[in-house]
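Below is one structure, written out as structure tokens; comments come after it.
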Amino acid sequence: MNGKQLSQRLKEVADFLIDPVFFADIGSDHAYLPCYVCLNKPTARAIAGELNEGPFLSARKEVEENQLEHVIEVRKGNGLEVIDGRVNQVVIAGMGGPLIKDILEKGNGKLKDVTRIIAQPNIDARSVRKWFYENGYNLTAERIIEENGHIYEILVADRGEGPSPYNEDNLEKEMWLGPYLMQEKNKAFFEKWNDEKKKKLMILEQIKQSKNAEEAKVKKFEEQIMWLKEELNE
Ligand SMILES: C[S@@+](CC[C@H](N)C(=O)[O-])C[C@H]1O[C@@H](n2cnc3c(N)ncnc32)[C@H](O)[C@@H]1O
């Protein structure tokens, strides 16, 4: 691992780490991210956390092969239980939003020295934004990128007060689509939400055709489709 093999997705995650870097990569799998970061920044330190034996062993092997044992500790454990007071940033990438939220919720007590959380939910980024909003982490940056036919969202949140990115009148919509991503509206944003709109239109038609279509469900879909049309400038 010299960084050349690292995905663009994880490179973008790495770009959000701030000095001094002592981060925990939760669900590290092969520990590619901590290896890349520590190879490129000699002062960086990391904990690679893994729940499962297979990925834990892969992470250990990768760290050993790169001779990074003095700067990366590979620890086996569930979620945030692997972190200690030295960790100032946490990365949780490549999992579903609800699992990321769950890990944050269960480990909330271990976050008091953590000033930045970088999350890359594969689905349902909304649940992570909501957790940040309700737990004293201010969303400070977002990215949406396309890589190998997949679209990924990266969310960055910093502990404490700061100017909120949300317009309280539009909170639900902005938590769903991402307040910064809605402003930037890049190509990946259009691609993702265009696809989503098509899916929602199809499902709405099916719901309407069913005999006992729930009115609340229809309304919810119609509202979301309206939001998407607004944001896609239709
Ligand atoms: C799809 S991989 C993502 C790997 C890497 N973070 C990335 O973004 O490419 C998810 C990893 O999270 C691990 N995992 C799942 N739940 C976990 C938990 N509660 N605590 C720690 N690791 C977990 C899995 O074993 C798996 O290796």
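The values are calculated or read from the model by the stated rules, or taken from the named source; none is laboratory data. Keep in mind the model is a prediction, meaning the values are calculated, not measured. Glycine gets a Cβ as well: all are built from the backbone with ideal geometry, and neighbour counts include every protein chain shown.
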Farther than 17 Å from ILE225 by Cα, under 15 Å from the mean Cα position of the chain (by Cα) and either not hydroxyl-bearing (Ser, Thr, Tyr) or not in a strand (DSSP E or B) (or both): does that describe TYR166?
no
Kindly list the number of the only condition in (1) within 15 Å of the ligand (Cβ to nearest atom); (2) at pLDDT below 95 that fails for ILE26.
(2)
Exclusive hit being of a type outside the set (Gly, Ala, Ser) and under 27 Å from VAL21 (Cβ atoms), set LEU181, LEU201
LEU181
For region 87-110: of the residues being closer than 15 Å to VAL156 by Cβ and away from the ligand (no atom under 14 Å from the Cβ), which is surrounded by the fewest Cβ atoms within 10 Å (Cβ to Cβ)?
ASN88
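Yes/no per residue for (1) in contact with a strand residue (DSSP E or B) (Cβ under 9 Å, 6 or more places away or on another chain); (2) over 16 Å from ARG9 (Cα atoms):
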{"site": "THR115", "(1), (2)": "yes, yes"}
{"site": "PHE132", "(1), (2)": "yes, yes"}
{"site": "LEU139", "(1), (2)": "yes, yes"}
{"site": "ILE145", "(1), (2)": "yes, no"}
{"site": "GLY149", "(1), (2)": "no, no"}
{"site": "PHE189", "(1), (2)": "yes, no"}
{"site": "TRP193", "(1), (2)": "no, yes"}
So, of the residues in region 4-42 that are β-branched (Val, Ile, Thr) and part of a loop (DSSP other than H, G, I, E, B), which turns out to be nearest to the chain's Cα centre (by Cα)?
ILE18
